[in-house]
Amino acid sequence: MNTDKHRSLEGAPFLKEKTPGLAEPTGSEALGQSCERSAKEVEALFAGIPQWQDWRQAAHQIKQYALANLDRLLVEFEQKLTAKGVEVLFAADAEEANRLVIDIAQQHNVRSVVKGKTMVSEEMELNHKLADVGIRALETDLGEYLVQLAGQRPTHIVTPALHLSAEDVGRLFAEKLDEPFTAEHRALTDIARRHLREEYLKADMGMSGVNFGVAETGSIVIIENEGNGGLSTSVPPLHVALMGIEKIIPRIDDLPVFLNLLGRSGTGQKLTTYTHVIHGPAPDRELVLIIIDNGRTNILADPHSRSALGCIRCGACLNHCPVYRRVGGWAYGWVYPGPIGSIITPQMVGFDKAAKLPFASSLCGACSDICPVKIDIPHQLVYLRKRGANEPSSVNSWVERLMWRSWAWAMGGSWRYRLAAMVARLGVRLARFLPWKPWYLGAWTRGRELPEVPGPAFRKTWKDKP
Amino acid sequence: MIRLKQSSPPVWEYPKYEPGEPVALFVPCYVDQFFPDAARATVELLRRQNVPVVFPAEQTCCGQPAFNSGYWDEARRVVHHFCDVFEPYRWIVGPSGSCTAMCRVFFEHVDPDPRIVEIGRRVVELTEFLVEVLGVSDTGASFPHKVTLHNGCHTRRELGVVEPPVALLENVRGLEYCPLPDAEDCCGFGGTFSVKMPGTSLAMGQTKVENVLRSGAEVLVSPDSSCLMHIGGILQRSEAGRRIQVKHIAEILVADE
């Protein structure tokens, strides 16, 4: 287990020029197998629910409505929360959000923070920023706790430590917590619980993400399985919640369909163990909500891509993706891996850095079949490829443009087509004799034979004998 | 024109085929050049159903390679050529699910001009045409071998064509149908994906090959020669794999063994 690799964003492969991590299967076997198992369980679960497609359609439409009315709903949400004594702050980007969190923490003389799961804080690299000003932030979601202990980044948005086996965890606890080695699941859980429990009591501030923000009632909905979300948000005297602007749903009545879908799609549970609906701060406690854009309005602004903001972060598209299963989460280089990451990351961090991500897909569509909010993932991936090829980006290449121009010219008429075909057939014939295969040819022949070049093309035989 | 009746999974509503109506054969470029037997079998198969077949000689490609690579301007030129060539024909049938999906589903993305969309919506995949349009599930073929089927992802998910190829195979005399384990998983071809992400593409293909071998079949068929080019290329690299014959489904549906 390499504990230092992939520690920071700067170490991420795709943010550099090349994406070796995406081109090659590097994920752990444990990860692929867990995903496959989970995918099969989720499929079996939904197969027994006749109204599943109706739920998906409803969830899709609620999200699309919310996104189309985001300006109004965010204001309504803010007003409802403010009336209940919640401080609501808006942050345009990660930097501003970090500054707000640090300011709040420093005003309250916070030394230590316990965190429930929040992917937004991963975008902000909040733990490092807090450490820089001498504040210790501890992840309390078991998976997040493990990757934090290991000095790694999550490899999955729902199950962050999917790549670690029980043996890996046992070794990690032995090394970092000075515990006797065990690979027994129950014993490992007990160790984590023992170490975490003390931390809730010592912490000056608790943090969490937000799964849904209900505009109508001004409610913050957090779902979780370990009880850590409840403890992080209620034990310390101050709770700071981080929420992406897209988490809004209009009404409390809209919530059940999402609760039905999220647990089932993510972990194959009918309902997650805990559903917290926070209507405001408890007496003598403070609650601050920071609502963060950080590139989301780029997606909102593009009508072809907007529906991707409806993502409820269930992780089903990751589990079902044959590419993700093989390359693992780190290969995608940023916070959100898998098919949904390949859509939102380039738009959030910029095509100059991440335009290659939409190419990390065979466009098989397993993701869109399972997506609980019906995001047309493969169609969006192709659309984003187009944007990458046409805008200043890491994939915009005049060589490739020239290649496709020539191809389009050749495919523009029968004799040009025949000329191109002659070249292609000759090329494939001769390629067999090349001692060394350049470029794409080499990529093909690494583990595959080239097709045999058969006798005359169909059109030739048709001409002779229709 | 074919209309989408329901999405996820897609269900289509087809116009009625009048007996004697000619069908324009759409032979995708790579089939024309590298798998001409699949195209010839398609002609034979349609003729046995008394369907007159014409082959518009000016046809080239559907534009999918450039479209999937993000070069939509280039793809559009080829799509326009396709539509110019096929415009006179009410029925367009092709032995490839992937290219059919390009026409029926993705022409609209490249160019929302109603004329282009309408022509794209006339294209039908071969097994879909036989079963859903003609209502034929027995082609009278005989092929006494163990056969497994790989259905391409575009055929399965964009077109929703899942049952037709199975129904057709099950009615072939002597054929023992061996279901492919994890049949719905992608084989990893994905067009330019196969050379842009070769390591991952190969890893996916190798899993598919293991499943083909596990199925116990002697012959692997598919309504998509493109997947077969990739899977077949991997099969060629192993002793056990070289014993598996790889054929387009049309070749089995006209077999007389």
Subject >> Looking only at segment A:439-462, and only at residues there that are among the basic types (Lys, Arg) and out of contact with any Phe, Trp or Tyr (no Cβ under 9 Å at 6 or more places or on another chain), the one that is farthest from residue A:399 (Cα to Cα) >> reply: A:460
Subject >> Checklist (1) surrounded by fewer than 24 Cβ atoms within 10 Å (Cβ to Cβ); (2) modelled with pLDDT under 95 applied to residue B:174, failing item >> reply: (2)
Original post:
Are any residues in segment A:317-341 crowded, with 24+ Cβ neighbours inside 10 Å, in a helix (DSSP H, G or I) and in contact with a Lys or Arg (Cβ under 9 Å, 6 or more places away or on another chain), and if so, which ones?
Top reply: A:318, A:319, A:340
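Check A:352, A:302 and return the single one that is acidic (Asp, Glu), more than 15 Å from the chain's Cα centre (by Cα) and modelled with pLDDT under 95. Walk me through how you get there before you give the answer.
Working: A:302 fails: modelled with pLDDT under 95.
Step by step, each of A:352, A:302 is checked, and only A:352 is acidic (Asp, Glu), more than 15 Å from the chain's Cα centre (by Cα) and modelled with pLDDT under 95.
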Subject >> Matching residues in segment B:194-243 - criterion: being more than 13 Å from chain A (Cβ to nearest Cβ), part of a helix (DSSP H, G or I) and either closer than 19 Å to residue B:38 by Cβ or of a type in the set (Gly, Ala, Ser) (or both) >> reply: B:212, B:240
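So, residue B:166, is that one surrounded by fewer than 21 Cβ atoms within 10 Å (Cβ to Cβ), of a type in the set (A, V, I, L, M) and out of contact with any strand residue (DSSP E or B) (no Cβ under 7 Å at 6 or more places or on another chain) or not?
Numbers: surrounded by fewer than 21 Cβ atoms within 10 Å (Cβ to Cβ): yes; of a type in the set (A, V, I, L, M): yes; out of contact with any strand residue (DSSP E or B) (no Cβ under 7 Å at 6 or more places or on another chain): no.
Here the answer is no, as residue B:166 does not meet what is asked.
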Original post:
If only one of A:255, A:261 is under 25 Å from residue A:306 (Cα atoms) and free of Cβ contacts under 8 Å to residues at least 60 places away in the same chain, which one is it?
Top reply: A:255
**OP:** Could you please let me know if residue A:151 is buried (at least 20 other Cβ atoms within 10 Å of the Cβ) and of a type outside the set (Lys, Arg)?
**Re:** no
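In the list A:213, A:229, A:266, which residue meets the criterion of being assigned to a strand (DSSP E or B), crowded, with 22+ Cβ neighbours inside 10 Å and either not β-branched (Val, Ile, Thr) or not assigned by TED's automatic domain parsing to the domain that holds residue A:290 (or both)?
Numbers: A:229 fails: assigned to a strand (DSSP E or B); A:266 fails: assigned to a strand (DSSP E or B).
Among A:213, A:229, A:266, only A:213 is assigned to a strand (DSSP E or B), crowded, with 22+ Cβ neighbours inside 10 Å and either not β-branched (Val, Ile, Thr) or not assigned by TED's automatic domain parsing to the domain that holds residue A:290 (or both).
Listed here are the residues, each with its yes/no results for (1) within 21 Å of residue B:194 (Cα to Cα); (2) part of a helix (DSSP H, G or I).
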site: A:372; (1), (2): no, no
site: A:389; (1), (2): yes, yes
site: A:402; (1), (2): yes, yes
site: A:418; (1), (2): no, yes
site: A:422; (1), (2): no, yes
site: A:442; (1), (2): yes, yes
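Taking segment B:198-219 on its own, how many of its residues are closer than 20 Å to residue B:164 by Cβ and in contact with a Leu (Cβ under 7 Å, 6 or more places away or on another chain)?
Summing the residues that are closer than 20 Å to residue B:164 by Cβ and in contact with a Leu (Cβ under 7 Å, 6 or more places away or on another chain) in segment B:198-219 gives 1.
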Original post:
Counting only residues that are assigned to a helix (DSSP H, G or I) and under 16 Å from residue B:30 (Cα atoms), how many does segment A:404-414 have?
Top reply: 4
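Table: residues versus (1) among the polar types (S, T, N, Q); (2) over 14 Å from residue A:287 (Cα atoms); (3) under 22 Å from the mean Cα position of the chain (by Cα).
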{"position": "A:71", "(1), (2), (3)": "no, yes, no"}
{"position": "A:75", "(1), (2), (3)": "no, yes, no"}
{"position": "A:86", "(1), (2), (3)": "no, no, no"}
{"position": "A:95", "(1), (2), (3)": "no, yes, yes"}
{"position": "A:100", "(1), (2), (3)": "no, no, no"}
{"position": "A:104", "(1), (2), (3)": "no, no, no"}
{"position": "A:119", "(1), (2), (3)": "no, yes, yes"}
{"position": "A:134", "(1), (2), (3)": "no, yes, no"}
{"position": "A:139", "(1), (2), (3)": "no, yes, yes"}
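Can you pull out every residue in segment A:130-142 that is part of a helix (DSSP H, G or I) and surrounded by fewer than 20 Cβ atoms within 10 Å (Cβ to Cβ)? Steps first, answer last, please.
Initially, segment A:130-142 is screened for residues part of a helix (DSSP H, G or I), giving A:130-132, A:142.
Within segment A:130-142, A:131, A:132 qualify.
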Original post:
Restricting to segment B:149-184, what's the tally of residues that are basic (Lys, Arg) and in a helix (DSSP H, G or I)?
Top reply: 2
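Given the criterion surrounded by fewer than 21 Cβ atoms within 10 Å (Cβ to Cβ), of a type in the set (Ser, Thr, Tyr) and closer than 29 Å to residue B:159 by Cα, identify the matching residue among A:406, A:414.
Working: A:406 fails: closer than 29 Å to residue B:159 by Cα.
None of the other options fit; the residue is A:414.
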Subject >> In segment B:1-57, the residues that are facing another protein chain (nearest Cβ under 10 Å), part of a loop (DSSP other than H, G, I, E, B) and farther than 30 Å from residue A:428 by Cβ >> reply: B:7, B:8, B:9
**OP:** State which residue is farthest from the other protein chains (Cβ to nearest Cβ) when the search covers only segment A:375-417 and only residues that are touching a Gly at 6+ places or on another chain (Cβ under 8 Å) and of a type outside the set (A, V, I, L, M, F, W, C).
**Re:** A:394
**OP:** Could you look through segment A:344-367, keep only residues that are farther than 19 Å from residue B:202 by Cβ and assigned to a loop (DSSP other than H, G, I, E, B), and pick out the one that is nearest to the other protein chains (Cβ to nearest Cβ)?
**Re:** A:365
Original post:
What are the residues in segment B:204-257 that are out of contact with any Phe, Trp or Tyr (no Cβ under 8 Å at 6 or more places or on another chain) and hydroxyl-bearing (Ser, Thr, Tyr), if any?
Top reply: B:207, B:215, B:222, B:238
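Within segment A:426-445, identify whether any single residue is facing another protein chain (nearest Cβ under 7 Å) and basic (Lys, Arg), and answer yes or no. Outline the logic, then answer.
So the first thing to find is which residues in segment A:426-445 are facing another protein chain (nearest Cβ under 7 Å), and the list is A:440, A:443-444.
Going one step further and asking which of them are basic (Lys, Arg), we end up with none.
No, segment A:426-445 contains no residue that is facing another protein chain (nearest Cβ under 7 Å) and basic (Lys, Arg).
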Original post:
Which pairs have Cβ atoms under 9 Å, sit 6 or more apart or on different chains, and link a residue in segment B:175-203 that is farther than 12 Å from residue A:359 by Cβ to one that is assigned to a strand (DSSP E or B) and charged (D, E, K, R)?
Top reply: B:175/B:146; B:176/B:146; B:177/B:146; B:178/B:146
**OP:** Hey, can you tell me all the residues within segment B:91-148 that are part of a loop (DSSP other than H, G, I, E, B), without any contact (Cβ under 8 Å) to a residue 12 or more places away in the chain and either within 17 Å of residue B:81 (Cα to Cα) or basic (Lys, Arg) (or both)?
**Re:** B:112, B:113
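The values are calculated or read from the model by the stated rules, or taken from the named source; none is laboratory data. Given the structure is predicted, the values throughout are model-derived calculations rather than measurements. Note that we place each Cβ from the backbone using ideal geometry, even for glycine, and neighbour counts take in every protein chain shown.
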